[in-house]
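Heads up: the structure comes next, in structure tokens.
The values are calculated or read from the model by the stated rules, or taken from the named source; none is laboratory data. A quick note: this is a predicted structure, and the numbers were derived from the prediction, not measured. When we count neighbours, we look across all protein chains shown, and the Cβ atoms used for this are built from the backbone with ideal geometry, even at glycine. Just so you know, the surface numbers come from the protein's heavy atoms only, side chains and all, with ligands and any DNA or RNA stripped out. Shrake-Rupley method; radii C 1.70, N 1.55, O 1.52, S 1.80 Å.
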Amino acid sequence: QGDSADFDSEVASVCPFCGVGCQISLKIKDGKVKYVEGLDGPANEGRLCVKGRFGFDYIHHAHRLTKPLIRRADAPTKGLNVDPANPLTHFREATWDEALDFAAKGLSDLGGTKVAGFGSAKCTNEEAYLFQKLIRQGFGHNNVDHCTRLCHASSVAALMENVGSGAVTATFNEINNSDVAIVIGCNPTENHPVAATYFKQFTKRGGKLIVLDPRGQALKRHATHMLQFRPGADVSLLNAMMHVIVDEGLQDDAYIARYTENWQAEKDHLADFTPEKMADICGIAADDIRAAARTFAAGKAGMIFWGMGVSQHIHGTDNSRCLISLALMTGNVGKPGAGLHPLRGQNNVQGASDAGLIPMFMPDYQSVTDDGVRSAFTEVWKSGDFSAEKGLTVTEILDAVHAGQINGMYILGENPAMSDPDVTHARQALAKLDHLVVQDIFLTETASYADVILPASAFAEKDGTVTNTNRQVQMGRAALDPPGDARADWWIEVELAKRLGLGWNYTHPREVFAEMALNMKSLDNITWERLESEGAVTYPSLSPEDPGQAIVFGDGFPRTDKRALFTPANVIAPDEAPDADYPMILTTGRQLEHWHTGSMTRRATVLDTLEPEANCSLHPRTLRELGVEPGEMIRLTTRRGSVEIMARADRSVATDMVFLPFAYVEAAANILTNPALDPYGKIPEFKFAAVKVEKAGA
Ligand code: SF4
């Protein structure tokens, strides 16, 4: 905390880490962020977590890229062999003109379907929109995707199918009006910490909290029911809970009759899923399953929150289908205190998806296969048609590189050399590319494979809007100039597009936002000027004065006859069962102090001081059986590879499980993960792999 004497200026913006979207005030002194305070934003009401309050000085880190770089002709073979502190061993500095000409020529020489793009959920809505436009307009196809594929693609697939919209039906703050809530497959105190404060307050007011997770967590202390079920048993558990509701007649028949379809099929399907039959599969006593089901069904208004523990499975879409069915059968959509809320991960993954940074949808989830949709966009873009075929997803694009079908990529702000499953395969694909353009603020693991690197801007160095997990479109504002010759991402995209002959002439993100609004109904009544003065507007907004709808679908769903769909879900086993060679279960995730692949938070002094070393967690009994003391090194081996890492004792981890954060390059979790995909969302099974655990050096 400070007073105005502490800083030269203060600028309102939005935290760049998680999807909660806390509004912040950046206090600037001598051209640097001196400290940050929470603002009274609609999602955070002044609150911040440790990342939002102390995680900003990566912006000023000595590793920031400040000049465009081109790979030297005599550089060593491509690999993770570049020191981010000294990139000139492999690259030479270039002017912007030279670097942009080189980047554009390499991509256009390959041309068409030989080129694909990964955009970023860390960039603004305008930058995401421009990125998908550049690939579609410039190369004529839809091979453009981003990290939504790795987090909630399966949740979005289920939501689109069953309620007709991929976003949350109620803000997380709506829990203020709930009397019961389910938190499943997520650990909000670490991953959405400010949202977790609302969940804890809800229990203090007497709200009943049901936590369902294979791993224990801090919210357990606040829960009325904690069901620590076996990894991968989500569908069995949720179907058993729904069986109880039907068996005991606890469903909301009036709601089901008025707002849903396919109920009879769902009901028939659930008949077999008795708690007694599912108890062993789930590792939960039948009575505990019954008690949790009764508590949820008895609530007057209930919310369901879920995270990647639900979505990152080959049955991720089925998991979400169950959650949607549970909400529908209890009438818990479209009224105060009720709703479905997949807690989005990245600060702008909702906005980047809304803006069309996905291979099957144009902005606002309008299908690329619809001729009318494409022509509405090409009319605005003043360009010819592009492919009506759905494009390839993140992992499919890298497979296509291995197959020689894609030879060039433009990657903005993503780090697939760390974030993709079976990352050795992903790194080999990056090394194989004939032309790789990477745009980022640091020389990431992915940038070390680049042919040309374009130095970009951190969030505090550019204007632009972002959309949080609550559907709140918020204004981020430039507080600083980018360092050296670094530039705002939208500027780089525009300059590249000019060199690809696309004739773009945007001079500010507000012009891009205005273009987006032409074909995005979600932005009706939301203008750049409104966002500048109000800071945030929730979509949908029904009038220029409406701050937006916190709850949607009170009068039916955007589907045929306004009815939501029940889709029965069958049990599908995880792709890789533990066996004699790999007897334990590996699951991956985040920690409170580090964000995703660590490129920002491991360069933030406070956060890196709190959590400086790669570590994984096992139950103390498991460590004892391995003859390992907490703090000693262990070796984890799966069918994809091996890493050595420091072990911690953690009673919240089941005895047959290892929890491995994915932020650490020195023990990259994704060397181990299984790339098997959910067939609908095409999301990899990050949450379950068979693993062998040994004492290192044994
Ligand atoms: Fe930032 Fe998320 Fe923490 Fe809020 S909860 S301060 S958005 S990391």
*asked:* Along the charge dipole of the range 462-524, pointing to its positive end and built from +1/-1 on Cβ of Lys, Arg, Asp and Glu, which listed residue (Asn468, Thr507, Ala486) has its Cα farthest out?
replied: Asn468
*With a point put 7 Å past each Cα toward its Cβ, work out how far Glu545 is from Ala5 in nm, to one decimal.*
4.5 nm
*asked:* If R₀ is 41 angstrom, what is the calculated FRET efficiency for the pair His508 and Thr424, using the beta carbon separation as r and rounding to 0.05?
replied: 0.45
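Counting Lys +1, Arg +1, Asp -1, Glu -1, what net charge surrounds Leu430 among other residues with beta carbon under 10 Å of its beta carbon? List each step's numbers first, then the result.
Values: positive: Lys78, Arg427, Lys432; negative: Asp420, Glu445.
Overall, the nearby charge balance is +1.
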*Compare the Cα positions of His596, Thr395, Leu531 along the charge dipole of the chain (+1 at Cβ of Lys, Arg; -1 at Cβ of Asp, Glu; about the Cα centre) and return the one farthest towards the positive end.*
His596
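Ser367 to Glu666: extension gain in nm, 0.36 nm per residue of separation minus the Cα-Cα distance? List each step's numbers first, then the result.
Numbers: separation 299, 0.36 × 299 = 107.64 nm, distance 4.06 nm.
Extra length available between Ser367 and Glu666 comes to 103.6 nm.
For Asp385 and Asp555, FRET efficiency with R0 = 41 Å and r from the beta-carbon atoms, rounded to 0.05?
Values: r = 37 Å, r/R0 = 0.89.
So, using R0 = 41 Å, E works out to roughly 0.65.
With +1 on the Cβ of every Lys and Arg and -1 on the Cβ of every Asp and Glu, and nothing else charged, how large is the dipole of the chain about its Cα centre, in debye rounded to the nearest 20? Write out the running numbers ahead of the final one.
On the way: 67 positive and 89 negative charges, 160 e Å.
Rounded to the nearest 20 debye, it is 760 debye.
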*Would you mind getting the accessible area per residue of the range 308-387, heavy atoms of the protein chains only, 1.4 Å probe, in Å²?*
21 Å²
*Quick one: with all protein chains in place, what share of the accessible area of the chain is carbon or sulfur, to the nearest percent (1.4 Å probe)?*
49 percent
*Length-normalised contact order for the chain - Cα pairs under 8 Å, 6+ apart - percent*: 20 percent
*Which of the GluC sites (Glu not before Pro) across the range 618-698 are loop residues per DSSP, with 15 or fewer other Cβ within 10 Å?*
Glu632
*Near Lys32, which lysines are there with a Cα under 27 Å away, not counting those fewer than 8 places off in the same chain?*
Lys51, Lys67, Lys122, Lys462
*Using a Förster distance of 51 Å, the FRET efficiency for Glu532-Ala271 (Cβ separation, nearest 0.05)*: 0.35
*Answer with one residue from His63, Gly302, Thr622: the one whose Cα lies farthest towards the positive end of the charge dipole of the chain, charges on Cβ with Lys, Arg +1 and Asp, Glu -1.*
Thr622
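Counting only trypsin sites (Lys or Arg not before Pro) that are in a DSSP loop and have at most 13 other C-beta atoms within 10 Å, tell me the longest site-free stretch of the chain. The partial results should precede the final answer.
On the way: sites that count: Arg72, Arg205, Lys382, Arg651.
Result for the longest clean stretch: 383-650.
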*Could you state the number of Å between the C-alpha centres of the range 354-381 and the range 45-106?*
32 Å
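Quick check on the chain: helices-only [θ] at 222 nm, where DSSP H runs of length 4 and up contribute -39,500 (n - 2.57) each and the sum goes over total residues. Nearest 500, please. Before the final figure, lay out each step's value.
Values: 24 runs with 215 residues, N = 698.
For the chain, the value works out to -8500 deg cm²/dmol.
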*Straight distance only, please: which lysines reach the Cα of Lys78 with their own Cα at less than 16 Å, same-chain residues fewer than 8 apart left out?*
Lys432
